[in-house]
Amino acid sequence: MNFIMQFESLGILVLFLVLLLLLLYYTVFSPRRVLKRMNRLSALRMEVTCLKCGYREVRGVEKGVYVGMVIGKCSRCGGDLVVHSIYAEKISPSERRYIT
Ligand SMILES: [Zn+2]
């Protein structure tokens, strides 16, 4: 009888520990929190290049932009400006305010 009681309390303890770990996992690694952290540390940038003269420029990403998209005309030669790459760049919090 005593043995069964001990076994039962051990089971409850294990269950409690598992629940605690799950709670910890979700509070630390919840998607919203990870996203928030990513947002704090990085900004999306895109590199645009002119197909005609090879002019390069780094800008902040605009909505709906994709790699290979013709985004406008080159200020130098009037050729097509194409999105060459989109990437996340790590930034410091003080730099963040300058990003549009
Ligand atoms: Zn150009």
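The values are calculated or read from the model by the stated rules, or taken from the named source; none is laboratory data. A quick note: this is a predicted structure, and the numbers were derived from the prediction, not measured. Neighbour counts run over all protein chains shown; Cβ positions are idealised from the backbone, glycine included.
Give me a count of the residues in the stretch 41-81 that are among the polar types (S, T, N, Q), more than 18 Å from I91 (Cβ to Cβ) and either in a strand (DSSP E or B) or touching a Cys at 6+ places or on another chain (Cβ under 6 Å) (or both). The qualifying residues number 1. Restricting V48, V58, V28 to those that are away from the ligand (no atom under 16 Å from the Cβ) and either modelled with pLDDT of 75 or more or not polar (S, T, N, Q) (or both) reduces the list to V28.
Taking every residue in the stretch 66-92 that is closer than 15 Å to E47 by Cβ and within 16 Å of the ligand (Cβ to nearest atom) and pairing it with any residue that is in a loop (DSSP other than H, G, I, E, B) and β-branched (V, I, T), at least 6 positions away or on another chain, the pairs with Cβ-Cβ distances below 6 Å are V83/V65; V83/V67.
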